[in-house]
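Data block below; observations after.
The values are calculated or read from the model by the stated rules, or taken from the named source; none is laboratory data. Note that the structure is predicted; figures quoted are calculated from it, not measured. Positions of Cβ are backbone-derived with ideal geometry, glycine not excepted, and every protein chain shown enters the neighbour counts.
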Amino acid sequence: MARTFAIKGSKRLLNAWAFYDWANSVYSLVIASAIFPIFYGALFRAADIEKVSVFGGDIERAPLISYLTSAAFLFIGVITPLISGIADYLGNKKIFMKFFCYLGGVSCIGLYWFSLENIYLGLVCYFFGLVGFWVSFAINNSYLPDIAYPEQQDGISAKGFSMGYIGSVLLLLLNLAMVMKPDIFGIETDATEVA
């Protein structure tokens, strides 16, 4: 079976690029902004814990997630130019994009087990979720000149941006419905009481 390659500027290729935002941008709204931070704060408030022992030191619970986010962005800022340069030089952006996309996805799955008992696992998953999301996002954006002609780039970039917002809002609405009416989704009430 012969492999077919999408042609630069083709509608199919441009739509595929835009739909990556549809799927990927939900992370920034649901995990990084709206749902996970509320769950994180409620988890510690419910247990009446103000300080967390992490990596041999006591840190107040509120700034802990901010410190971790800052460390992740510092790491992202260092590795993204290196990864982008290597991917461009080797000509295999897709392999790097897949790796970081899967890293982010698996890390988000790992957040299922985020609890006070599994604080290290939860923090590591949150850290690598950020890394996976942002590095794969940067690599996806670097594809734009490869898949679209200059006159198409503004339009397809805007389409990707809007698809990201649509996907994010739809998942956020679903998540809010799951939190507000867990019985409809077969979720036991105890699971949502913390949030």
When segment 44-83 is examined, which residues are found to be of a type in the set (Ser, Thr, Tyr) and at pLDDT 85 or above? Ser66, Tyr67, Thr69, Ser70, Thr80
Candidate set: segment 120-133, residues that are touching a residue at least 60 places away in the same chain (Cβ under 8 Å) and touching a helix residue (DSSP H, G or I) at 6+ places or on another chain (Cβ under 9 Å); chosen: the one surrounded by the fewest Cβ atoms within 10 Å (Cβ to Cβ): Leu123
Six or more apart or on different chains, Cβ atoms under 6 Å: show the pairs whose first residue is in segment 164-183 and among the polar types (S, T, N, Q) and whose second is in a loop (DSSP other than H, G, I, E, B). Ser168/Ser25; Asn175/Ile35
Unique residue being loosely packed, with under 13 Cβ neighbours inside 10 Å and among the charged types (D, E, K, R) when the list is Lys181, Lys159: Lys181
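One residue is enough: does segment 86-100 have a residue meeting the conditions in a helix (DSSP H, G or I) and either in contact with a strand residue (DSSP E or B) (Cβ under 7 Å, 6 or more places away or on another chain) or small (Gly, Ala, Ser) (or both)?
Within segment 86-100, the subset in a helix (DSSP H, G or I) is 86-90, 93-100.
Now narrow it down to the ones that are either in contact with a strand residue (DSSP E or B) (Cβ under 7 Å, 6 or more places away or on another chain) or small (Gly, Ala, Ser) (or both): 87.
Among the residues of segment 86-100, at least one is in a helix (DSSP H, G or I) and either in contact with a strand residue (DSSP E or B) (Cβ under 7 Å, 6 or more places away or on another chain) or small (Gly, Ala, Ser) (or both), which makes the answer yes.
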From the set of residues in segment 41-92 that are among the polar types (S, T, N, Q) and surrounded by 14 or more Cβ atoms within 10 Å (Cβ to Cβ), which is farthest from the chain's Cα centre (by Cα)? Ser84
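Can you pull out every residue in segment 22-45 that is β-branched (Val, Ile, Thr) and closer than 20 Å to Asn141 by Cβ?
Taking segment 22-45 as the starting set, the residues that turn out to be β-branched (Val, Ile, Thr) are 26, 30-31, 35, 38.
Within segment 22-45, Val26, Ile31 meet the criteria.
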Any chance segment 157-170 includes a residue that's more than 15 Å from Tyr20 (Cα to Cα) and either among the aromatic types (Phe, Trp, Tyr) or not in a helix (DSSP H, G or I) (or both)? no
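Yes or no, residue by residue, for (1) in contact (Cβ under 8 Å) with a residue 40 or more places away in the chain; (2) under 26 Å from Lys94 (Cα atoms):
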| residue | (1), (2) |
| --- | --- |
| Tyr112 | no, no |
| Leu144 | yes, yes |
| Asp154 | no, yes |
| Gly186 | no, no |
Is it true that Leu103 is part of a helix (DSSP H, G or I) and farther than 22 Å from Trp17 by Cβ? no
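Yes/no per residue for (1) over 14 Å from Ile65 (Cβ atoms); (2) assigned to a helix (DSSP H, G or I); (3) not hydrophobic (A, V, I, L, M, F, W, C):
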residue	(1), (2), (3)
Ala6	yes, no, no
Ala23	yes, yes, no
Ile49	no, no, no
Val52	no, no, no
